[in-house]
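Enquirer: This is the structure I want to talk about, given as structure tokens.
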Amino acid sequence: MFGIEMAPFVIFFIAAVLAALTQGWLRGAIMLAAPILGAINLWMTPEGSYWAVSFLDFELNLLRVDRLAILFGYLFHLAAFIAIVYSLHVKDRMQQTASMLYAGSALGAVFAGDLLTLFVFWELLALTSVFLIWARRTEQSYHAGMRYLLFQVISGLLLLGGIIAYANVHGSLAFEDIGLSGIHGWLIFLAFGIKCGFPFLHNWLTDGYPEATPTGTVFLSAFTTKVAVYALARGYPGTELLVYIGAAMTCFPIFFAVIENDLRRVLAYSLINQLGFMVVGIGIGTALAINGAVAHAFNDVIFKGLLFMSMGAVLHVTGKINGSELGGLYKTMPKTTILCIIGAASISAFPLFSGFVSKSMIMSAALNNDHTWVWLMLLFASAGVFHHAGIKIPYFAFFAHDSGIRAKEPPLNMLLAMTIAATLCITIGIFPELLYQLLPYDLDYNPYDATHVLAQTQLLFFSALAFVWLNLYKMYPPELKSVNLEVDWIYRRLLPKTWQGLGQFKQTSMQSLNAFGGQHLARLSDYVSKNYAVQGLLAKSTSTGVAALWIVLMLLAYLVIGLF
Amino acid sequence: MNIEKTHLFDNPKNVKRLLYALYFCCGLLVVLDFVIKRKVYHSWENLWAFYPIYGFVGCVVLVFVASWMRLILMRDEDYYDSPETADKADLAEKAEIAGKAENTAAVLHAGDKHVRD
């Protein structure tokens, strides 16, 4: 049944068990060894399907290795390694075990050859990741974790429903192109969509991620959404609806990001914005677009991870993360500042940084396929992402007004992890072929022609100019202590309030009913007792003869009426 | 406060220098538009300084719309903090039951102010 090939998730699950049983440097060493051994194992695994299992009438493949899966496989090993280095100082058994299980589940999902295996890891992703939010151990994080879990569980249920319908129609569980045909197609699409942060289904992300621990968010930002991108790329390439959903995803979060105070929540919004680019790419579905989407997923994990790490470092050393409370940190945290700026430049897709080499593929694909309006939206989103993630994050955290905080640089392991990520951002930016050769389709694409470079640089520099202009003339919205209403208002306020209102309505109507009863029942009982009691009018007993007389009279009257 | 060494941007001159560098780059990029002959994929790219104007206007619109959104969507920081609001409601209720009108007013007022801030 089992070949010699080792499924990548097994290594992480074993490491998780060992991490739960050990402590100190040994735990750190075990955790670090897992992604390294895993990557070597993946490198030695040839393409193909392994670990075939028969379940009922279905053929399951626990390990399917192809180019698409391998790319995500390497990405997740890399992301896990960086995040583990970043969290080496943490001494929290629950969090560390959960993060290993979480990374393993993500690997299990991308190497799943069938939908049932995918479902199992889909649910494991949800169950293991929520502990990274709860590990903050605040009341707020507990509630945010519950809301997060609710969404994840709904996604899982939709997926299960879709899988059952799919098996009914196709008689197989193989995870290949699904498409939007039939109820199964839509159910699975929606399940993927929740985890991918589709508009109106995205709130678990912006709600949950900023409530996780500084290190937990780094793990969270890497896996769940990218598994969803992988699943969409596998199941729904070329689905036109995705182009429009993706375009909406690139645009709407940037408005919220501009007015958001919690800088990690700003990053969560920009995560949805970046996912939007990938979803557009998958929706277009050409070789260039899919390559672009997957390459962007790869780069996003690294530069978004870097940004989350830099903000996590700020939270770790200052205990604050709101833009309104930070500022001037560059004075005492120059290294973190520079690393953050590298992440900001990468996400903004400056030439020579990683975002540029992947985002330009998606933009080109949009233009090549005559999606002019979508292209304009993506262009707007590119300027917007520079605005809120490229400038706002470093500016309000490290520059802006001096908050008076004189925090030291974060621990060495945090700096090291950020340095690894920053190096990758620049390396991929300068040598994009390193990434391109891993992509699912062989293509000859060169991002560094005068056209792309000039256009992108012009766009970004004039976005920066707009920021400067707005800031100088005090038109830029200041960072304020606030929350902004969002879709979550519906289930955090509207539904509970409606429920409460209904409860109150029930209470008041019961009260008025009681009052009404108290008032009128007494009168009714008076009336009844007056007429029906022993001496009452209707309770009088009369002889049978009187009754007979009355009947005779009535019959007589009837006869008289009948005669005329 | 200890005497602290001055940092790079403590000196307004350095901020000015950075801004001038940005202005210069922006100017240069517009000029380059005329020098570099680039491939045009879409007719709109032929418009004069399409990308610079799109970037600038796009960002200004973004910020203005976002500012307007604040008018509708912004709430107090602890808007969703149910335990605290529940506590506050409890307090107000208890004060009311005790019949201390002053106390109630004070508590309610404090709550009000909290929301408005």
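Enquirer: Based on this model, can you work out whether A:Leu435 counts as within 27 Å of the chain's Cα centre (by Cα), more than 7 Å from chain B (Cβ to nearest Cβ) and surrounded by 12 or more Cβ atoms within 10 Å (Cβ to Cβ)?
Expert: Spelling it out, A:Leu435 is indeed within 27 Å of the chain's Cα centre (by Cα), more than 7 Å from chain B (Cβ to nearest Cβ) and surrounded by 12 or more Cβ atoms within 10 Å (Cβ to Cβ).
Enquirer: Right, next: When you scan segment B:1-27, how many residues do you find that are free of Cβ contacts under 8 Å to residues at least 24 places away in the same chain, under 19 Å from A:Leu460 (Cβ atoms) and at the interface with chain A (Cβ under 9 Å from one of its Cβ atoms)?
Expert: The number of residues fulfilling the criteria is 4.
Enquirer: Could you tell me whether any residue of segment A:319-328 is touching a residue at least 40 places away in the same chain (Cβ under 8 Å), part of a helix (DSSP H, G or I) and more than 22 Å from A:Leu460 (Cβ to Cβ)?
Expert: Yes - at least one qualifying residue is present in segment A:319-328.
Enquirer: Would you check if A:Asp449 is more than 30 Å from A:Phe255 (Cα to Cα) and either out of contact with any strand residue (DSSP E or B) (no Cβ under 9 Å at 6 or more places or on another chain) or more than 12 Å from chain B (Cβ to nearest Cβ) (or both)?
Expert: Against the criterion (more than 30 Å from A:Phe255 (Cα to Cα) and either out of contact with any strand residue (DSSP E or B) (no Cβ under 9 Å at 6 or more places or on another chain) or more than 12 Å from chain B (Cβ to nearest Cβ) (or both)), A:Asp449 qualifies.
Enquirer: Out of (1) touching a helix residue (DSSP H, G or I) at 6+ places or on another chain (Cβ under 7 Å); (2) closer than 28 Å to A:Asp300 by Cα; (3) among the small types (Gly, Ala, Ser), what's the single condition that is false for A:Ala450?
Expert: For A:Ala450, the exception is condition (1).
Enquirer: Checking the structure you have, find out if any residue of segment B:30-44 is at the interface with chain A (Cβ under 7 Å from one of its Cβ atoms) and β-branched (Val, Ile, Thr).
Expert: yes
Enquirer: Another one. Is one or more of the residues making up segment A:245-264 among the β-branched types (Val, Ile, Thr) and touching a strand residue (DSSP E or B) at 6+ places or on another chain (Cβ under 8 Å)?
Expert: Yes, segment A:245-264 contains a residue that is among the β-branched types (Val, Ile, Thr) and touching a strand residue (DSSP E or B) at 6+ places or on another chain (Cβ under 8 Å).
Enquirer: Same structure again: Out of curiosity, is A:Ala289 within 17 Å of A:Met361 (Cβ to Cβ) and buried (at least 24 other Cβ atoms within 10 Å of the Cβ)?
Expert: yes
Enquirer: For segment A:307-332, give me each residue that is among the polar types (S, T, N, Q), within 27 Å of the chain's Cα centre (by Cα) and within 14 Å of another protein chain (Cβ to nearest Cβ).
Expert: Matches in segment A:307-332: A:Asn322, A:Ser324.
Enquirer: On to the next question. Which residue, of A:Leu459, A:Leu465, A:Leu415, is within 30 Å of B:Arg17 (Cβ to Cβ), over 26 Å from the mean Cα position of the chain (by Cα) and more than 10 Å from chain B (Cβ to nearest Cβ)?
Expert: A:Leu415
Enquirer: Turning to a different aspect of this structure: Going through segment B:46-85 one residue at a time, which ones are more than 7 Å from every other protein chain (Cβ to nearest Cβ) and of a type in the set (A, V, I, L, M, F, W, C)?
Expert: Within segment B:46-85, B:Leu47, B:Trp48, B:Ala49, B:Phe50, B:Ile53, B:Val57, B:Val61, B:Phe64, B:Trp68, B:Leu71, B:Ile72 qualify.
Enquirer: Scan segment A:468-502 residue by residue and report those that are of a type in the set (A, V, I, L, M), out of contact with any helix residue (DSSP H, G or I) (no Cβ under 6 Å at 6 or more places or on another chain) and either over 30 Å from A:Phe399 (Cβ atoms) or more than 10 Å from chain B (Cβ to nearest Cβ) (or both).
Expert: Selection gives A:Ile490, A:Leu494, A:Leu495, A:Leu502.
Enquirer: Let me ask another. Take the residues of segment A:5-42 that are assigned to a loop (DSSP other than H, G, I, E, B) and in contact with a strand residue (DSSP E or B) (Cβ under 9 Å, 6 or more places away or on another chain): which is nearest to A:Leu101 (Cα to Cα)?
Expert: Among those that are assigned to a loop (DSSP other than H, G, I, E, B) and in contact with a strand residue (DSSP E or B) (Cβ under 9 Å, 6 or more places away or on another chain), it is A:Ala7.
Enquirer: Just need a number here: residues in segment A:233-283 that are of a type in the set (Phe, Trp, Tyr) and farther than 25 Å from A:Pro210 by Cβ.
Expert: Number of matching residues: 2.
Residues are listed down the side, and each one gets a yes or a no for (1) farther than 21 Å from A:Gly323 by Cα; (2) buried (at least 24 other Cβ atoms within 10 Å of the Cβ); (3) more than 9 Å from chain B (Cβ to nearest Cβ); (4) touching a helix residue (DSSP H, G or I) at 6+ places or on another chain (Cβ under 8 Å):
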position: A:Lys335; (1), (2), (3), (4): no, no, yes, yes
position: A:Ala344; (1), (2), (3), (4): no, yes, yes, yes
position: A:Phe356; (1), (2), (3), (4): yes, yes, yes, yes
position: A:Phe380; (1), (2), (3), (4): yes, no, no, yes
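Enquirer: Let me ask something else. Among the residues of segment A:43-65, is there at least one that is touching a residue at least 40 places away in the same chain (Cβ under 8 Å) and part of a helix (DSSP H, G or I)?
Expert: No, segment A:43-65 has no match at all.
Enquirer: Which of (1) among the aliphatic types (A, V, I, L, M); (2) under 25 Å from the mean Cα position of the chain (by Cα); (3) more than 24 Å from A:Pro214 (Cβ to Cβ); (4) buried (at least 19 other Cβ atoms within 10 Å of the Cβ) does A:Ile70 not meet, given it meets every other one?
Expert: (4)
Every number in this text was worked out from the coordinates using simple rules, so none of it is lab data. Since this is a predicted model, take the numbers as computed values, not measurements. So basically every Cβ, Gly included, is an ideal-geometry build from the backbone, and we count neighbours across all protein chains shown.
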